[in-house]
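The values are calculated or read from the model by the stated rules, or taken from the named source; none is laboratory data. These numbers come from a predicted model, not from an experiment. Reconstructed Cβ throughout: ideal geometry from the backbone, glycine too, with neighbour counts over all protein chains shown. When the accessible area is computed, the model is the full protein with side chains, heavy atoms only, and any ligands, DNA or RNA have been set aside. Shrake-Rupley method; radii C 1.70, N 1.55, O 1.52, S 1.80 Å.
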Amino acid sequence: MILRQFYLNCLAHASYLIGDEQTRTAAVVDPQRDIDHYLAFAAEHGLRIAHVFLTHFHADFVAGHLELRDRTGATIYLGAAAKAQYAFTPLRDGQSVEFGRVRLTALETPGHTAESISILVFDLDRSAIEPHAVLTGDTLFVGDVGRPDLRVALGWSAADLGGLLYESLQNKLLPLPDASLVYPAHGAGSLCGKAISKETVSTIGDERRSNYALQPMTKAAFVDLVTADQPDAPPYFTYDAVLNSQERPTLDETLARELNPMTLDQVLALQEAGGQILDTRDPNDFAAAHLAGSINIGLGGHYAT
């Protein structure tokens, strides 16, 4: 089995490729919209990406499930509670996707969102009973748990989702073997939690011992804990969550149709008419020379937020 984590620093976002060397088949979980990294890795290892999973409708970025579907023919999988405009295979508790010596089994773990799932990763050459790892999406982070307040604009109360999150953690994830690796969808810097560690992998045992939100407490105390002191969510979060459930133009289509390069004269004319110039280069390049009146937010940092 091949298990590779891809980490996007500007969003503190982790995605995963799981491959089977026997059948040369692979699955990608929670892909970023720019899928070139996955395609290059798959080509390098002689793998065909046949499956793509979203653990939930992400709010902080537009995911690359439609891009992978269109480029590779991959089947899209979502939690059974999800509603989407595109065709997908719904996964309920215990339902699996198996290829070669790899089995991916869904756990319905609502709380961060209503449709959230976690994915148990079985390397069948090691064990068909104990999972090698669990991909926890935004349900369980290293040192934290997912915030339950990001769906308020879509009609969910933070308290209700917080209660579901408690049940998911206590009844679905904590019963897993202590040695199971925990691979979340985000690390430190993400606004999907309030105290996420800079580490990008852990174990169930380590989280049981050290994660503040997994210590013994009542459901009411847990809900109070996880709904308090959350950072403000950017206004684009709800927009992205809805977009991830829709059939929308892929990145290639968007770049071909909507990216309109301008001449310098056009840029300066728009600035004169009140337009704001955003310079996304490295700050050192901006400091060396830039258009007067422009502002610099480099793509290399936390550009989105």
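May I ask for the percentage of alpha-carbon pairs in the chain that lie more than 31 Å from each other?
Here the long-distance tail beyond 31 Å is 33 percent of all Cα pairs in the chain.
Sequence gap at least 6, Cα distance under 8 Å: using those rules, report the relative contact order of the chain to the nearest whole percent.
Values: 628 pairs, mean separation 48.6, N = 305.
16 percent.
Tell me, in nm to one decimal, what length is gained between ASN284 and ALA228 on full extension, where the rule is 0.36 nm per residue of separation less the Cα-Cα distance?
Length gained, ASN284 through ALA228: 16.3 nm.
To the nearest 0.05, how large is the calculated FRET efficiency for LEU299 and ALA195 if R₀ is 30 Å and r is the Cβ-Cβ distance?
On the way: r = 27 Å, r/R0 = 0.88.
It comes out at approximately 0.70.
Okay, helix-only estimate at 222 nm for the chain: each DSSP H run of n ≥ 4 adds -39500 (n - 2.57), divide by all residues, round to 500 deg cm²/dmol; what do you get? If you can, show how the numbers build up before the last one.
Numbers: 9 runs with 75 residues, N = 305.
Theoretical 222 nm ellipticity from helices: -6500 deg cm²/dmol.
Counting pairs of Cα atoms in segment 245-305, how many percent are more than 20 Å apart?
Details: 866 of 1830 pairs.
That fraction is 47 percent.
Give the average over all directions of the projected area of the C-alpha convex hull of segment 171-237, one decimal, in nm². Don't skip to the answer; put the middle values down first.
Numbers: hull surface 21.1 nm².
Spelled out: convex hull of the Cα atoms, projected over all directions, averaged, 5.3 nm².
At 4 °C and 1.567 mPa s, grab the translational diffusion coefficient of segment 160-305 from Stokes-Einstein with a Kirkwood Rh over Cα pairs, rounded to a whole number in µm² per second. The partial results should precede the final answer.
Values: Rh = 19.8 Å.
The diffusion coefficient I find is 65 µm²/s.
List the lysines whose Cα sits under 21 Å from the Cα of LYS194, skipping any in the same chain fewer than 8 residues away.
Qualifying lysines at Cα under 21 Å: LYS219.
Just need the relative contact order of segment 28-166 here, percent rounded to a whole number, with Cα pairs under 8 Å and 6+ apart.
Details: 266 pairs, mean separation 24.2, N = 139.
Normalised by residue count, the contact order of segment 28-166 is 17 percent.
Does segment 1-139 classify as rounded, prolate or oblate by the C-alpha gyration tensor (a ≥ b ≥ c root eigenvalues; a/c under 1.5 gives rounded; else a/b over b/c gives prolate, otherwise oblate)? Let's see the in-between values first.
Details: a/c = 1.45, a/b = 1.08, b/c = 1.33.
Since a/c stays below 1.5, the shape of segment 1-139 is classed as rounded.
With the full set of protein chains in place, find how many percent of the accessible area of the chain is carbon and sulfur; take the probe as 1.4 Å. Please report the intermediate quantities before stating the final value.
Numbers: 7330 of 13910 Å².
Summing carbon and sulfur atoms, their accessible area is 53 percent of the total for the chain.
Please report the relative contact order for segment 103-172, taking Cα pairs under 8 Å with a sequence separation of at least 6, and give it as a percent rounded to a whole number. Please list the in-between numbers first.
Values: 122 pairs, mean separation 23.4, N = 70.
Over segment 103-172, the number comes to 33 percent.
Find the accessible area per residue for segment 55-114; the probe is 1.4 Å, ligands and nucleic acids are left out, and the unit is Å². Before the final figure, lay out each step's value.
Numbers: 2090 Å² over 60 residues.
Accessible area per residue, segment 55-114: 35 Å².
Find out how many positive minus negative residues lie around ASP20, taking Lys and Arg as positive, Asp and Glu as negative, among other residues whose Cβ is under 14 Å from that of ASP20.
Working: positive: ARG4, ARG24, ARG48, ARG101, ARG103, ARG126; negative: GLU21, GLU98, ASP123, ASP125.
Neighbourhood net charge equals +2.
For segment 123-216, just the Cα set please: Rg and Dmax, both in angstrom.
Reported Rg and Dmax, both Å: 13.7, 45.
Largest first and to the nearest Å, give the Cα extent of segment 64-169 along each principal axis.
42, 33, 22 Å, listed from the longest principal axis down.
Could you give the distance between the Cα centres of segment 206-252 and segment 261-305, to the whole Å?
Distance between centres, Cα-based: 33 Å.
Do me a favour and compute the ellipsoid semi-axes for segment 1-74 from its Cα gyration tensor, root of five times each eigenvalue, largest one first, whole Å.
Numbers: eigenvalues 78, 32, 22 Å².
In descending order, the three semi-axes are 20, 13, 10 Å.
Please find the FRET efficiency linking GLN266 to TYR7, where r is the Cβ-Cβ separation and R0 is fixed at 45 Å, and quote it to the nearest 0.05. Before the final figure, lay out the partial values.
Working: r = 37 Å, r/R0 = 0.83.
Calculated transfer efficiency: 0.75.
Quick check: from the Cα gyration tensor, does segment 56-121 come out rounded (a/c under 1.5), prolate or oblate?
On the way: a/c = 1.74, a/b = 1.02, b/c = 1.70.
Cα axes put segment 56-121 in the oblate bin.
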